[in-house]
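Quick notes on the structure that follows.
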Amino acid sequence: MTSAPLVFASALVAVLLWSWIGWIVLRRVSLGADMRVCAAPALGWALQTVTALLLSSAVGLSVWTVLGSAAALAALSRLVPPADDTASSPVRLPWWALAAAVFVALGPIVGLLPKLYPEGVALAPPIYDHSKIALIDEMIRGGAPPANPFYGQGGQPGSIAYYYLWHFGAAELAILTGASGWEADIAATWFTAFASLTLVSGLAFRLSGGRVAGIGFVLVAVCGDSLRPVLAALVGQPAFDAAIAPGGLSNWLVQTSWSPHHVASATTVVLALLLMARMRQQAAIGQVVVLGLLAAAGFQSSVWVGGASFALAAVAMAAVLLVSGETGGRMRFVGALASGAVLALLLAAPLLAEQVQSAGSRGGGLPIAIEAFPVLGPMVPAVVRRVLDPPAYWLVLLFVDFPVLALAAVMAGVACLRRDGPPVPSSSAALMAAAFGSLCCAWVLASRAGENNDLGWRGILPALLIATAMAGAYAAHLLDRRRWPAFSVVTIALLLTLPAGIGFVRANLRGDLTAEGSLFRAAPAMWAAVRRHTPPDERVASNPMLGRTLTPWPVNVSWALLADRRSCFAGNELAIAFAPLSAEARRSASDLFERVFAGRGTAEDVAALLDDFGCRVVLVTPEDGAWQRDPFAASGRVRLAEDNPASDGWRIYVAR
């Protein structure tokens, strides 16, 4: 199903390719000599993927496109004069921090690996969100911009309105190494975790004045989780559920495991913010170009993080930089930011146009609403919750879901007011303002594009990365000054979050073995048979509910991970994000596919699958009601191409 050597090769190629590009550019457009090593992986990924996507849209995706875009960036960077880093700190990130980041970054990927048991194959819950692997496979086959592998209206290729730059980067790795989409997704997830960890560790190292304790604190803190399990154990789960609304906000470990593209976008946003602080001192053309590419990469990886959250964070940071810096150069700084924004809009314009068109097709009004994040539970009357939820976001939720970061922020703020804390330069104050702007995304904004508040969950990620670095720096300051009471409070809060984080990794490492796990073992052979009868540009009809117990929400994960072919309709869960359909149209399509594969379909239903959805190949399995009451066998529109009557077999029909 997945090859460990290919996953390792893809991860190694990612580190070498993207870190090399980042290192070369940072020698010309510097964030400071002390940040060169820790910022290189994330910066190289952002610049190269944006450039390669632009080039691939013109000439197609190939090995030469990937390598050519990297070579072009290296050549163009030589046109920029070398950066003057003489004023930067000579202290460099220690090598062991990179080695530790390599190890810690393994935590998010354990949920993506298949677990083989004698009874069958177990999958962990995060694999549900990685059904987007079908999009990676589509780009490996057909390049970019990709056709829509999740839905085909009348058999047309369609287009994708989703922010897919991160998945494009994974497709690049597969092109270079020969890995599958699943293997490339695992490698890209690990690289995203590694790149974000090195950046945050380097930022903590800078803010702490070169104290290595800050790096260690960061690498431990990202493994923790919220206080929800501890509080529920203390007061009882029913009482806790009555007091605090379910859901809440997720930490780095959970977010990277489930949605690494949002974390990649947040890492890019932090890089852009650091560059903005640098540009306040002296803005050059090279910095403007890099800022535009970073902003485009953030938006094309996550509209919520690189769009809404970055906008609020950048405005807050720019305001502080303008007020706190020298009076000279303000107009030059504003002009440089505006030029970078224009470049980013030009690069992201095709995806933005697709987003607007898709939102119109889905209906439902504006994709973003002003709405307070739900914090308090049902024990508080609804009319009172509307008043108390906004302050409870800052006074309750952040301390429950991010106790270490919230405590460190409060304690550092009090120490600064008492003039007993570390000095806060203007760049650090600007980062704090940016983190506040990012946190405001979840506080007052909510996304309405789908059925979940993705904007609230993902928009806080830039703040989470910045706050983690600052907490590490503050912990190092406390340890250096031997402020044992304050250091003990932060450490205890950290220790209380670790059991939940370790439990999350352990559960992902174990996976969930269900009754359908034994059938998943035969899925690679089944989908290989489907590929024999399906050209790369044609669509397959399969039961969207096949293997529904393998994931937390019903989705045909075997198709998403293993088919390497387009689906006519991949089911309601995936159609929410990827099909330009209204809620009513999604329900109608779901009902049609459910009837047919349950064995209740009519000849007209079969014709609708073939004509309205462009299904050229049909897969029926023993798990489908159509296995016994087969509406395709009596249809003159298809012919039986392959029949495997085993208990884990299949039937494959091909349109005449």
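The values are calculated or read from the model by the stated rules, or taken from the named source; none is laboratory data. Keep in mind it's a predicted model, so treat the numbers as computed, not measured. FYI the Cβ positions are ideal-geometry reconstructions off the backbone, even for glycines, and counts take in every protein chain you see. Accessible surface is based on the protein model in full, side chains and every heavy atom, while ligands, DNA and RNA are left aside. Shrake-Rupley method; radii C 1.70, N 1.55, O 1.52, S 1.80 Å.
Sort through Ser56, Ser69, Ser89 and tell me the only one that's within 24 Å of Ala221 (Cβ to Cβ), touching a helix residue (DSSP H, G or I) at 6+ places or on another chain (Cβ under 6 Å), at pLDDT below 95 and among the polar types (S, T, N, Q). None of the other options fit; the residue is Ser89.
So that you can scan it fast, the table gives a plain yes or no per residue for (1) surrounded by fewer than 18 Cβ atoms within 10 Å (Cβ to Cβ); (2) touching a Pro at 6+ places or on another chain (Cβ under 7 Å):
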{"position": "Leu73", "(1), (2)": "no, no"}
{"position": "Leu93", "(1), (2)": "no, no"}
{"position": "Phe103", "(1), (2)": "yes, no"}
{"position": "Ile109", "(1), (2)": "no, no"}
{"position": "Pro118", "(1), (2)": "yes, no"}
{"position": "Ala124", "(1), (2)": "no, no"}
{"position": "Ile127", "(1), (2)": "no, no"}
{"position": "Glu138", "(1), (2)": "no, yes"}
{"position": "Gly152", "(1), (2)": "no, no"}
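Among the conditions (1) at pLDDT below 90; (2) open to solvent by less than 30 Å² (accessible area, probe 1.4 Å), Arg483 misses just one, which is (2). Every listed requirement among (1) open to solvent by 10 Å² or more (accessible area, probe 1.4 Å); (2) over 17 Å from Ala626 (Cβ atoms) is met by Met545 save one, (2). Does the stretch 456-466 contain at least one residue that is at pLDDT below 90 and within 30 Å of Ile576 (Cβ to Cβ)? Within the stretch 456-466, one or more residues are at pLDDT below 90 and within 30 Å of Ile576 (Cβ to Cβ).
The set of residues in the stretch 577-591 that are under 16 Å from Asp605 (Cβ atoms) and touching a helix residue (DSSP H, G or I) at 6+ places or on another chain (Cβ under 6 Å) contains only Ser590. Being out of contact with any His (no Cβ under 9 Å at 6 or more places or on another chain) and surrounded by 20 or more Cβ atoms within 10 Å (Cβ to Cβ) is a description that does not apply to Phe399.
Taking the options Ser196, Ser265, Ser250, name whichever one is within 13 Å of the chain's Cα centre (by Cα) and open to solvent by 10 Å² or more (accessible area, probe 1.4 Å). Write out each step before concluding.
On the way: Ser196 fails: open to solvent by 10 Å² or more (accessible area, probe 1.4 Å); Ser265 fails: open to solvent by 10 Å² or more (accessible area, probe 1.4 Å).
That would be Ser250, the only listed residue that is within 13 Å of the chain's Cα centre (by Cα) and open to solvent by 10 Å² or more (accessible area, probe 1.4 Å).
Scanning the stretch 19-66 for residues that are assigned to a helix (DSSP H, G or I) and polar (S, T, N, Q) turns up Ser19, Gln48, Thr49, Thr51, Ser56, Ser57, Thr65. Looking only at the stretch 34-61, residues that are open to solvent by 10 Å² or more (accessible area, probe 1.4 Å), aliphatic (A, V, I, L, M) and in contact (Cβ under 8 Å) with a residue 40 or more places away in the chain come to 4 in all. The single condition among (1) modelled with pLDDT under 90; (2) assigned to a helix (DSSP H, G or I); (3) small (Gly, Ala, Ser) that Ala446 does not meet is (2).
Checking each residue in the stretch 426-448 for being touching an Asp or Glu at 6+ places or on another chain (Cβ under 8 Å) and either open to solvent by 10 Å² or more (accessible area, probe 1.4 Å) or among the hydrophobic types (A, V, I, L, M, F, W, C) (or both) picks out Val444, Leu445, Ala446.
Looking at (1) open to solvent by 20 Å² or more (accessible area, probe 1.4 Å); (2) touching a Leu at 6+ places or on another chain (Cβ under 6 Å); (3) not aliphatic (A, V, I, L, M), find the lone condition where Pro350 falls short. (2) is the only condition that Pro350 fails.
Out of the residues in the stretch 537-556 meeting the condition of being of a type in the set (A, V, I, L, M, F, W, C) and in a loop (DSSP other than H, G, I, E, B), tell me which one is farthest from Gly154 (Cα to Cα).
Pass one, the stretch 537-556, residues of a type in the set (A, V, I, L, M, F, W, C): 540-541, 545-546, 550, 553, 555.
With in a loop (DSSP other than H, G, I, E, B) added as a condition, the list becomes 545-546, 553, 555.
Details: Met545: 22, Leu546: 23, Trp553: 27, Val555: 22 Å.
Looking at residues that are of a type in the set (A, V, I, L, M, F, W, C) and in a loop (DSSP other than H, G, I, E, B), I get Trp553.
Which residues, counting only those in the stretch 184-226, are charged (D, E, K, R) and either within 21 Å of Pro499 (Cβ to Cβ) or assigned to a loop (DSSP other than H, G, I, E, B) (or both)? Across the stretch 184-226, the qualifying residues are Arg211, Asp225. Taking (1) out of contact with any Lys or Arg (no Cβ under 8 Å at 6 or more places or on another chain); (2) assigned to a loop (DSSP other than H, G, I, E, B) in turn, Ile140 satisfies each apart from (2).
Could you please let me know if Asp389 is farther than 29 Å from Gln281 by Cα, at pLDDT 90 or above and of a type in the set (Asp, Glu)?
Values: farther than 29 Å from Gln281 by Cα: yes; at pLDDT 90 or above: yes; of a type in the set (Asp, Glu): yes.
Yes; evaluated as a whole, the condition is true for this residue.
Do we find that Pro462 is in contact (Cβ under 8 Å) with a residue 60 or more places away in the chain, part of a helix (DSSP H, G or I) and surrounded by fewer than 19 Cβ atoms within 10 Å (Cβ to Cβ) in this structure? For Pro462, the condition - in contact (Cβ under 8 Å) with a residue 60 or more places away in the chain, part of a helix (DSSP H, G or I) and surrounded by fewer than 19 Cβ atoms within 10 Å (Cβ to Cβ) - is not met.
Return the pairs, sorted by first residue and then second, in which the second residue is open to solvent by 30 Å² or more (accessible area, probe 1.4 Å) and outside any loop (DSSP other than H, G, I, E, B), the first residue lies in the stretch 608-627 and is at positive phi, the beta carbons are less than 6 Å apart, and the residues are 6+ apart or on different chains. Between residues of the stretch 608-627 that are at positive phi and residues that are open to solvent by 30 Å² or more (accessible area, probe 1.4 Å) and outside any loop (DSSP other than H, G, I, E, B), the close pairs are Gly614/Gly154; Gly614/Gly155. Summed over the stretch 639-656, residues that are over 17 Å from Ala529 (Cα atoms) and open to solvent by less than 40 Å² (accessible area, probe 1.4 Å) total 0.
Quick grid of which residues meet (1) in a helix (DSSP H, G or I); (2) open to solvent by 60 Å² or more (accessible area, probe 1.4 Å):
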residue: Met526; (1), (2): yes, no
residue: Pro535; (1), (2): no, no
residue: Ser558; (1), (2): yes, no
residue: Asp591; (1), (2): yes, yes
residue: Glu594; (1), (2): yes, yes
residue: Val606; (1), (2): yes, no
residue: Leu610; (1), (2): yes, no
residue: Phe632; (1), (2): no, no
residue: Ser635; (1), (2): no, no
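Residues that are touching a Ser or Thr at 6+ places or on another chain (Cβ under 9 Å) and open to solvent by less than 20 Å² (accessible area, probe 1.4 Å) were ranked within the stretch 275-286; the one that is nearest to Leu465 (Cα to Cα) is Ala277.
Close contacts from the stretch 158-176, counting a first residue that is among the hydrophobic types (A, V, I, L, M, F, W, C) and a second that is outside any helix (DSSP H, G or I), with Cβ to Cβ under 6 Å and a gap of 6+ residues or different chains, come to Ile160/Pro146; Ile160/Asn148; Phe168/Ala144.
Can you confirm whether Gly298 is open to solvent by less than 10 Å² (accessible area, probe 1.4 Å) and either assigned to a helix (DSSP H, G or I) or modelled with pLDDT under 95 (or both)? Yes.
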